[in-house]
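Heads up: the structure comes next, in structure tokens.
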Amino acid sequence: MIKLDPTIMNRVTKPARYTGNELNSVKKDHNRVKVTVALALPDVYEVGMSNLGLKILYEILNDRSDTAAERVYAPWVDMEAEMRKRQIPLYSLETFTPVKDFDLVGFSLQYEMIYSNVLNMLDLAEIPLLAAERTEVHPFVVGGGPCAYNPEPVADFFDFFVIGEGEEVIEDVVAVLAEWKEKGRPEGRNGFLKRLAAVQGVYVPSFYDVSYHNDGTVATVTPNCIEAKPVITKRVVKDLNTVKFATKPVVPYLDIVHDRIMLELFRGCTRGCRFCQAGVLYRPVRERTPEKLLNIAQQLVENTGYNEISLTSLSSADYSHLREIVTGLIERFSDKGVSVSLPSLRIDSFSIELAQQVQQVRKSGLTFAPEAGTQRMRDVINKGVTEQDLEQAVGAAFRQGWSSVKLYFMIGLPTETDEDVLGIADLAYKVLHLYKEIKGRRGAKVTVSVSSFVPKAHTAFQWFGQNHTAEIERKQQLLKSRLKDRGISFNYHDSRTSFLEGVFSRGDRKLGQVLLAAWRAGARFDGWSEYFKYDVWLEAFEKCAIDPYFYANRERSEEEILPWQHIASGVDKEFLVQEYQQAIQECFTPDCRRDTCSACGVCPGLSVEVLDWGNQAYE
Amino acid sequence: MNKLRTEITKGEEIRFISHLDYARAIERAIRRANLPVAYSEGFNPHMKIAFASALAVGVTSEAEYMDVELKEAVSVEQFIEQLGRQLPAGIRLKQAKYVDQRTTALMAVVNLAKYTLVVPVHADTDPQSLQESINQFNQALEVRYVRESPKGKKEIDVKDYMAEDIRVEIQDGFAVLAMTIKITPTGSVKPGEVLHALVGQFALNVAEDGVLIHRTGLFTTDGTKAVPPIDLQ
Ligand code: SF4
């Protein structure tokens, strides 16, 4: 057990990040369980604690009497320095056990810019960074989350990955581990991994050899043992009503990023935005029943004491019985001072009505995501929203008394012209003028937030060559020069961060050495602008003689073997190819949720089906 | 309306949380306890609870005070039982009492705080020299201290806020300091700041960074007798 010297805690910022003891945290005696799991999120406490997936896994694992699951996050730079100085290994927040003493260390990989933190945490934990160098005394390191769908850039550092939804597969993994341990660890580490490879959704990268063509593209990905399957298909929960949800989550003392109840109405979103990776990975749509949701909410209020319930899903406003749920929650909990919030609003007046009903705090304004500035561009990305829709929604909001609006856009999309970029400015001005028209005076505040498009694996745009940083910066400046009104504030992302994200999101195994070199040279917290060291990364690419532009900016052909081709989301390649063509032709593909099936392949392929109580009855 | 005055603790388990964190934790516990607590009117209703004095990050306490307004009366026993069960590790509800609704706010009545500081002594330090440093501080007429904050610098006289002499004892490598500090309408001094002045200006030979601060009590005093706010008539 690690004992913390108060001297360290007195020195670091927000020491409560490191002292645990939060409500609902579960402390078990490791001698009385068969399997111990450290659940890690490679970012600072406030971010890590906000992750819903890990909360669910924590509860599922700790509900098992044979398993202890504990949390671990990336220490902030000041704490890291203190830990290194005093040789304190990375430890868990429940029992202050060194992470290296756990059986399993699971990292939730939410986005590529935290890869350097994974390495840093392994190093702080005194676990060899390379899976190949780990021995009997070390834990197994597993990765999951959206980045696991292209795990190749970090393949060297993980013993295995879990592809897809974790609720069920995590129990399979624990069962295999418990049995292997009980039998006296037959055949050592590889013995466990071979047994595990039989579990659907488990990918053991060392069981595959990758060869490359002279031009650097992948030639083959070949299993090198009989246990390895040629294709690893994601895990998907058929019916969310039958699996556990986080009903007794750890309640932090610190004010974390999402410091509220997170009520997941449904999983999946089939609106079919062609840039969106989550829209592919979490297919099909599966709703929880309203009864189930009210029941979960009740438990959550009782177990946490939070005063806010946030309806989280990829597009919460699409929930079939949203009004019923919102009304139900308000009726049940408003006298306890508990409010309801909708993090994402659909662009229509129904959403405004709901926002009004839940009395969302006015000063924070309403957020909409038209994603692109012109109708043409929105047709390309399959964002089924028109200018009229936006005008109607924003107009309704202004009439209801809101005056500040935040609009989310992307630049760098396929086929984008300067006209499309400037369309963003036009839209912002239209919103500004709309306020004047309705209210008869100026006074609207429009925030235009523009991110740079990063093509992601498994999407229709996975073949697209990302815009170069210079091109992105030119577009940003172009937009900036047009957005001069004091009623409009404009913010945009660092093009270099998006570039690096692009490299890793579609990278292959050769990038492992770059990551290692960059981490050695001091890269960490790359997602935090104050710690992002672009030079360090460029030097690392140079040192390893790896061309980053090859990964980010190159248009791939449909014949090319993509580094993640052996990982299956269930969506057919043919569907993605067709969607890319539809995009170029500016054609719309409807949402299969309440419209016809667009034959993406998930439902028949994985024997699942859409569960939506808008068009089917539930029991 | 029914106003309850409570005495609660902040223990070792949560030493490093801030006052805001502490207040939020209690709010959530009250909600979990299903007590009929009152909320303010308006757009963003908040729970009607009020504290006597904020406790800094790194400081534990024997006795904090909080007033809670209830929409309807519940018996003190029931309140203690229901809330007690929901308090997280590190917060204990020691006692509760109904007070007059119009009673002066806690913040306005508390004017004295007592602390114990346990701080590691540097190796081969003569205990006598520690006592000497403390004596000099106690005898000083004024002790200038510059407080730096994001808002800028401000000079205070630490002695303006010292209600009594500091006492020191040495126990296996630690100096144990007892301080009594005035809380005035125009300000106060933090025990950590007093320690900083002792180390910086009176050569107190201790490892300041390793200090553990504990508040032993909050009081109302008229200059003669110090009474905990829960015992006020
Ligand atoms: S198979 Fe059809 S219904 Fe199922 S997710 Fe794909 S498009 Fe939708």
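Quick one: grab the alpha carbon gyration tensor of segment B:126-233, order the square roots of its eigenvalues as a ≥ b ≥ c, and give me rounded if a/c is under 1.5, else prolate or oblate depending on whether a/b is larger than b/c. Kindly include the intermediate steps, with their values, before the conclusion.
Values: a/c = 1.75, a/b = 1.24, b/c = 1.41.
Oblate, because a/c is 1.5 or more while a/b does not exceed b/c.
If one computes the Cα centroid of segment A:403-461 and of segment A:278-295, what distance in Å separates the two points?
So the separation of the two Cα centres works out to 29 Å.
In nm, what is the difference between 0.36 nm times the number of residues separating A:L538 and A:Q400 and their Cα-Cα distance?
Difference between extended and current length: 44.7 nm.
Under 14 Å from the Cβ of B:R144, count the other residues' Cβ atoms, weight Lys and Arg +1, Asp and Glu -1, and hand me the total.
Computed value for this residue: -2.
Under the Karplus relation 6.51 cos²θ - 1.76 cosθ + 1.60, θ = phi - 60°, what is the ordered set of whole-Hz ³J(HN,Hα) values for segment A:435-444, x standing for Gly and Pro?
So the J values, rounded to whole Hz, are 4, 5, 4, 6, 9, x, 7, 6, x, 7.
If you fit an axis through the alpha-carbon atoms of helix A:166-182 and take the longest principal axis of the Cα set of chain A, what angle between them do you get, 0 to 90°, nearest 10?
The answer is roughly 0 degrees.
Okay, which of segment B:12-35 sit inside 11 Å, backbone N to the point 7 Å along the Cα-Cβ direction of B:R92?
B:12
Tell me, what is the 1.4 Å probe accessible area of A:E501, in Å² to the nearest 10?
Counting only protein heavy atoms, the figure is 30 Å².
Using a 1.4 Å probe and counting only protein heavy atoms, arrange A:R378, B:R147 so the residue with the most accessible area comes first.
B:R147, A:R378
Nearest 100 Å² is fine: how much accessible area is buried between A and B, summed over both sides, with a 1.4 Å probe?
Roughly 2300 Å² of accessible surface disappears when A and B pair.
Calculated FRET efficiency, A:D78 and B:A226, Cβ-Cβ r, R0 45 Å, to nearest 0.05?
Efficiency computed from Cβ-Cβ geometry: 0.70.
Over segment B:2-108, what is the mean sequence separation of C-alpha contacts under 8 Å (at least six apart), divided by residue count, expressed as relative contact order in percent?
Details: 189 pairs, mean separation 51.8, N = 107.
Normalised by residue count, the contact order of segment B:2-108 is 48 percent.
With every protein chain left in place and a probe of 1.4 Å, what is the accessible surface of A:S65, to the nearest 10 Å²?
100 Å²
List the lysines whose Cα sits under 26 Å from the Cα of A:K484, skipping any in the same chain fewer than 8 residues away.
A:K363, A:K406, A:K430, A:K436, A:K439, A:K445, A:K475
Tell me whether segment A:38-108 comes out rounded, prolate or oblate; compute the Cα gyration tensor, take square roots of the eigenvalues as a ≥ b ≥ c, and use a/c under 1.5 as the rounded threshold.
Oblate, because a/c is 1.5 or more while a/b does not exceed b/c.
Tell me the angle of helix A:511-520 to the major Cα principal axis of chain A, expressed in degrees between 0 and 90 and rounded to the nearest ten.
80 degrees
How large, in Å, is segment B:173-233 by the Kirkwood hydrodynamic radius built from its alpha-carbon pairs?
Kirkwood radius, segment B:173-233: 13.7 Å.
Rounding to the nearest 20 debye, state how big the charge dipole of the protein assembly as shown is about its Cα centre with +1 on each Lys and Arg Cβ and -1 on each Asp and Glu Cβ. If you can, show how the numbers build up before the last one.
Numbers: 100 positive and 115 negative charges, 333 e Å.
Computed about the Cα centre, the dipole is about 1600 debye.
Could you pull out every residue, at least 5 positions away or on a different chain, whose amide H is within less than 5 Å of the one on A:F107? Hs are placed 1.01 Å off N in the peptide plane, and Pro or chain starts have none.
Hits under the 5 Å cutoff: A:A40, A:V142, A:G143, A:G144.
Quick check on the protein assembly as shown: helices-only [θ] at 222 nm, where DSSP H runs of length 4 and up contribute -39,500 (n - 2.57) each and the sum goes over total residues. Nearest 500, please. Spell out each step's value before the answer.
Values: 26 runs with 270 residues, N = 852.
Per the formula, -9500 deg cm²/dmol.
Taking 51 Å as R0, compute the FRET efficiency from the Cβ-Cβ separation of B:H19 and A:T386 and round it to 0.05.
Efficiency at R0 = 51 Å is approximately 0.55.
Other chains near A:2-14: what is the mean number of their Cβ atoms within 10 Å of each residue's Cβ?
If you average over the peptide's residues, the count of other-chain Cβ atoms is 4.
Working with all protein chains in place, sort A:Y429, B:Y115 by solvent-accessible area computed with a 1.4 Å probe, largest first.
Order by accessible area, largest first: A:Y429, B:Y115.
Cα centroid distance between segment A:526-558 and segment B:154-230, in Å?
Value for the Cα centre distance between the two parts: 54 Å.
Could you tell me what % of all Cα pairs in segment B:2-108 have separations over 24 Å?
Of all Cα-Cα distances in segment B:2-108, 18 percent exceed 24 Å.
Once each part is reduced to its C-alpha centroid, what is the distance from segment A:13-38 to segment A:160-192 in angstrom?
Computed from Cα coordinates, the inter-centre distance equals 22 Å.
At a Förster radius of 45 Å, what calculated FRET efficiency corresponds to the Cβ-Cβ distance of A:D494 and A:D335, to the nearest 0.05?
0.45
From the P(r) of chain B, could you give the percentage of C-alpha pairs in the tail past 32 Å? Don't skip to the answer; put the middle values down first.
Values: 7331 of 27028 pairs.
Beyond 32 Å sits 27 percent of the P(r) for chain B.
Working with all protein chains in place, sort A:F588, A:F409 by solvent-accessible area computed with a 1.4 Å probe, largest first. Before the final figure, lay out each step's value.
On the way: A:F588 125, A:F409 0 Å².
Order by accessible area, largest first: A:F588, A:F409.
Between the helical axis of B:76-86 and the dominant principal axis of chain B, each derived from Cα atoms, what acute angle in degrees is found, rounded to the nearest 10?
Between helix and principal axis, roughly 70 degrees.
Using the Cα atoms as the points, what is the convex hull volume per residue of the protein assembly as shown in Å³?
Spelled out: Cα convex hull of the protein assembly as shown, divided by residues, is 191 Å³.
The values are calculated or read from the model by the stated rules, or taken from the named source; none is laboratory data. This structure is a prediction, so every number in the text was calculated from the model and none was measured. Heads up, the Cβs are rebuilt from the backbone with ideal geometry, glycines too, and the neighbour counts pull from every protein chain shown. Just so you know, the surface numbers come from the protein's heavy atoms only, side chains and all, with ligands and any DNA or RNA stripped out. Shrake-Rupley method; radii C 1.70, N 1.55, O 1.52, S 1.80 Å.
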